[in-house]
Amino acid sequence: MFISKAHLLEVFFTKLVFNLKSEASKTHLSYVWWLLEPALMVAVLYFVFAVFLDTGVPNFVVFLVCGKIPFLWFSKGIVHSSNSIMEGRGLITQVSIPKPFFPMVVVFQDAFKQTVVFIFMFAFIIFYGMDVSWVWLNVIFVILTQFLLICAIALLVAAITPYFPDFNLLISTAMMALMLGSGVFYSYKDMLLPEHQQLFLMNPVANLINNYRMILMDNMPPDWTSLGSICLGSIALIVVMMRYFKKTDTTYARLIAQ
Amino acid sequence: MQLRDVTVRYKSRRSFFRHDHYTALDGVSFTIKEGETLGVIGANGCGKSTLLMVLANIYGVDEGDVIWHCRHVSLLSLALGFDIELTGRDNAIISGMFLGARKQTVLEKLDEIIEFSELDEFIDKPIKTYSAGMRARLGFSIALKMQSEVLLIDEVLSVGDENFKHKAETAMTHKISSNQTVVLVSHSMLQIEKLSNRVLWLHEGKVKTIGDPKKVISEYTSFMDKTSDH
């Protein structure tokens, strides 16, 4: 039993820092990988789509980077958090601890690494020769919206997996489907029928990717209505999940131990 | 702490829709008084460990109520939340915090923990380089030095080699006999008799008797002798 919320927050942030430290110590290049991993991915995209398979579409590499990097953040966050409660078995069966602790540590850990990735991404886009303007600052709101969305979905999948361990296997397939449905590799304006475009943008991940591209490629402000709706929806889901976890808190330990 | 008619059932899956039920605790009621040490005895599978899980608020109950008149109850767990990539020092900090202490408190006690564990300069090495004995010593030292209003102990009174074992047992015995409220589960009747103020005998998830250690233990041993004769 934790004495106070302040104590829980203290444990949360200590655990977060230690997890990042632990993750870095597993490899020889440790923290360098946080930068190296996205750099390698962008390099591959660059060589494949700008050098070998030059489709003639202007700035296609930037288009891909603006889609792939935010998408990877989302999918990694969800895949990592889906199993987080099961992986917290050692703690859950020994101490009374609110279960959202586990997915949230994972989400914050990924978010922390993602800031490095985003800085790299902006640098690459500028280096590539796109115009920078003050409009770019709006990207912060898109990032925050995406963070809220990841928190909400992470709590949801983390709550489901202990009940249906098979669900975990479905997630990677779901992420593949989501990638295809979010326009990471294509522009919805060119590929979809006009009557399907509205439906496409109902997918929050597709919508966010579209907003990243609007800001970073076209120097346009984001679609505030969409961002606002995604934020509100995410907050609503977070509230519902927190209440759910509060109500069912002690059932998870028994579920996991059996 | 007070338990009223507490029942806990486990469900284990047999096939997709079919479940087996098994009652681990069945209408258990008793009270734990401040400062006392309550020993819990009983055969394997009688619900002792489940009882501690309920008291620590890790498991919920299916029926009945648990009333805590205290703010902090913790299960004495060794190596709680250890991460093998981290140093002994970092692990001591996070483990102590999971056991319920604030970071500042753990930091203040860190020197005592390191000294008791006899790890010396190894404390700043990742614990993946430790031997099993070293890990156990660190885990034990953290658990020993952390404070809790009510301490729940499941068979962990000492660890390590002969020398450390003696030191650990003395320190833990001292901790239990102090004013600390303790619920102690053990198979060693000697320890239970020595340390407890009262003893609870659990039999097939029910309270068989609760009361004076000597009396309950002698009833229990004669009962066990009888069943093993059959």
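The values are calculated or read from the model by the stated rules, or taken from the named source; none is laboratory data. All figures in this text were calculated on a predicted structure; none of them were measured in a lab. Glycine gets a Cβ as well: all are built from the backbone with ideal geometry, and neighbour counts include every protein chain shown. Keep in mind that these areas ignore ligands, DNA and RNA; they rest on the heavy atoms of the full protein, side chains included. Shrake-Rupley method; radii C 1.70, N 1.55, O 1.52, S 1.80 Å.
Relative to the 2.2 N^0.38 Å rule of thumb, chain B has a C-alpha radius of gyration ratio of 1.10. Remark: relative contact order (chain A) = 28 percent; criterion is Cα-Cα distance under 8 angstrom and separation of 6 or more residues. Each residue of the range B:182-193 was assigned a 3J(HN,Hα) from its phi angle through the Karplus expression (A = 6.51, B = -1.76, C = 1.60, θ = phi - 60°), giving 9, 10, 10, 9, 7, 8, 8, 5, 4, 5, 4, 5 Hz with x at Gly and Pro. Ranked by solvent-accessible area (1.4 Å probe, protein heavy atoms only, all chains present), the residues B:His19, B:His174, B:His203 order from largest to smallest as B:His174, B:His19, B:His203. Divided by 2.2 N^0.38 Å, where N counts the residues, the Cα radius of gyration of the protein assembly as shown comes to 1.19. Relative contact order for chain B: 26 percent, from Cα pairs under 8 Å spaced at least 6 residues apart, divided by residue count. Would you mind getting me the FRET efficiency between A:Leu137 and A:Thr173? Use the beta-carbon distance for r and R0 = 41 Å, nearest 0.05. After rounding, the FRET efficiency stands at 0.65. The value of relative contact order for the range B:78-148, using C-alpha pairs under 8 Å at least six residues apart, is 46 percent. Computed extension length for A:Lys5-A:Leu232: 79.3 nm, one decimal, from 0.36 nm per residue of separation with the Cα-Cα distance subtracted. Sorted largest first by accessible area at a 1.4 angstrom probe radius, with every protein chain in place, the residues B:Leu184, A:Leu36 fall in the order A:Leu36, B:Leu184.
Considering only B:Gln104, B:Gln180, B:Gln147, the Gaussian network model of chain B with Cα springs below 10 Å gives its largest mean-square fluctuation to B:Gln104. Comparing chain A with the 2.2 N^0.38 Å rule of thumb, its C-alpha radius of gyration ratio is 1.08 (two decimals).
Of the candidates B:Arg71, B:Arg137, B:Arg102, which one comes out as most mobile in a Gaussian network treatment of chain B with C-alpha springs shorter than 10 Å? Looking only at B:Arg71, B:Arg137, B:Arg102, the biggest GNM fluctuation is shown by B:Arg71.
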